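The values are calculated or read from the model by the stated rules, or taken from the named source; none is laboratory data. It should be emphasised that the depicted structure is a prediction, and the values quoted were computed from it without experimental measurement. Every residue, glycine among them, receives a Cβ derived from its backbone with ideal geometry; neighbour counts consider all protein chains shown.
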């Protein structure tokens, strides 16, 4: 037992040292100060932020740390709660500044000049199903599960060079429809950042997206194209993004209600497709046309590429690019980078306790929690890029998580695995061969780092 405690303490110190190095390297303190996160007296905000950042890697909550006496800070838990609820902190600015520093200082110098950098917009569910008293809580439609859930749409802007993805900023969207909001916003000073982010959370997703893009533009984050799916693709959005200074590559809905000007006539994408001859054989796309995107008499030329739907071979998907200099293969290739943000959402929810770690009813606290999670991902993403091996982000999380390297935990896992075999044998009446097959399938599904530790134990 003493050996285990000693090992855990050493792991805590090692993890803390790595995180401190990351904080110093990218000047987290100055980024917080630039975002109005500072105190005139008491515990420095950097110390509080670092403690919150570290929690997930120790595999314990703040409450469990207080109970066990490990990683106990020299400040009270109320200090953390007050920091999370600070209405003057601009968390959008903080994550944007930090991401900009990582990109400019560590990534761009190693990239080739012809590498295409992109910004990616997407949203994901930020669930809060267990409490009906959460500020600005709303009934939000979950596109993945095709049903309404209680929570927020976490609209996120990310950056990718094709090999590294970094979250730039985000906003937790409530609902613009008052009938879908379970609770309204708390009364705060209208001059504060807290009031502005609450107001933004109740506006349309497209308007919030433009706000996030403007912040990225202000920080001079290097990117030429913005990628998004069909939920954001409309002539008005294409014009708005173009006016900020970005070209768009996005998926477009095949709806008869959306028109583009083709050969001097306003037509839907379906009509344009039916009037043209399609490519046959093994071509990557079926059709490519140049259209005009018209909004208030302003015209933007765009290229529409019709590609086969891999899931339904008889159907097609439509990609649109406001950069008509790109060929069809390049448009398809660049749009493929949008998958990076889906991986980001998966890692944040599976490993970094996105939405699960924060039980506060305050909208400010949930926003602060999101910024902490984004910072964790930035560190892991940079570690993944700089490491010499091919570990995934999930395995890197396990590497930083001290509980996963604790021998007592490994032994407990082995005992549970043996219990699993016994239950299969007693209740499912399976043969030993079938049980071995199921156990092997389970072992193959777990992260490689954990599998190695189990075999070594």
Point to revise | Extreme residue, nearest to the chain's Cα centre (by Cα), among residues of segment 36-51 that are within 18 Å of residue 92 (Cβ to Cβ) and crowded, with 16+ Cβ neighbours inside 10 Å | key: 49
Check your understanding: Tally time: how many residues in segment 177-203 are over 12 Å from residue 364 (Cα atoms), out of contact with any helix residue (DSSP H, G or I) (no Cβ under 8 Å at 6 or more places or on another chain) and either free of Cβ contacts under 8 Å to residues at least 24 places away in the same chain or buried (at least 17 other Cβ atoms within 10 Å of the Cβ) (or both)?
Key -> 10
Point to revise | Elements of type helices (runs of 4 or more DSSP H) contained in segment 264-371, each with 1 or more residues being in contact with a strand residue (DSSP E or B) (Cβ under 9 Å, 6 or more places away or on another chain) and within 30 Å of residue 129 (Cα to Cα) | key: 339-350
Review point. Right, residue 112: in contact (Cβ under 8 Å) with a residue 24 or more places away in the chain, surrounded by fewer than 23 Cβ atoms within 10 Å (Cβ to Cβ) and in the same structural domain as residue 367 (by TED's automatic domain parsing) or not?
Key: no
Practice item. Within segment 180-191, identify whether any single residue is farther than 19 Å from residue 89 by Cα and either under 20 Å from the mean Cα position of the chain (by Cα) or assigned to a strand (DSSP E or B) (or both), and answer yes or no. Key: yes
Exercise for review: Give me the pairs, please: first residue somewhere in segment 229-242 and closer than 14 Å to residue 204 by Cα, second residue anywhere and assigned to a loop (DSSP other than H, G, I, E, B) and at pLDDT below 95, beta-carbon distance under 7 Å, and either six or more positions apart or on two chains.
Suggested key: 233/253; 234/258
Practice item. May I ask you to verify whether residue 218 is surrounded by fewer than 18 Cβ atoms within 10 Å (Cβ to Cβ) and at pLDDT 95 or above? Key: yes
Point to revise | Members of segment 234-250 found to be assigned to a loop (DSSP other than H, G, I, E, B) and either over 22 Å from the mean Cα position of the chain (by Cα) or not assigned by TED's automatic domain parsing to the domain that holds residue 261 (or both), listed by number | key: 234, 245
Exercise for review: Return the only residue of 156, 206 being more than 16 Å from residue 340 (Cβ to Cβ), surrounded by 14 or more Cβ atoms within 10 Å (Cβ to Cβ) and touching a helix residue (DSSP H, G or I) at 6+ places or on another chain (Cβ under 8 Å).
Suggested key: 206
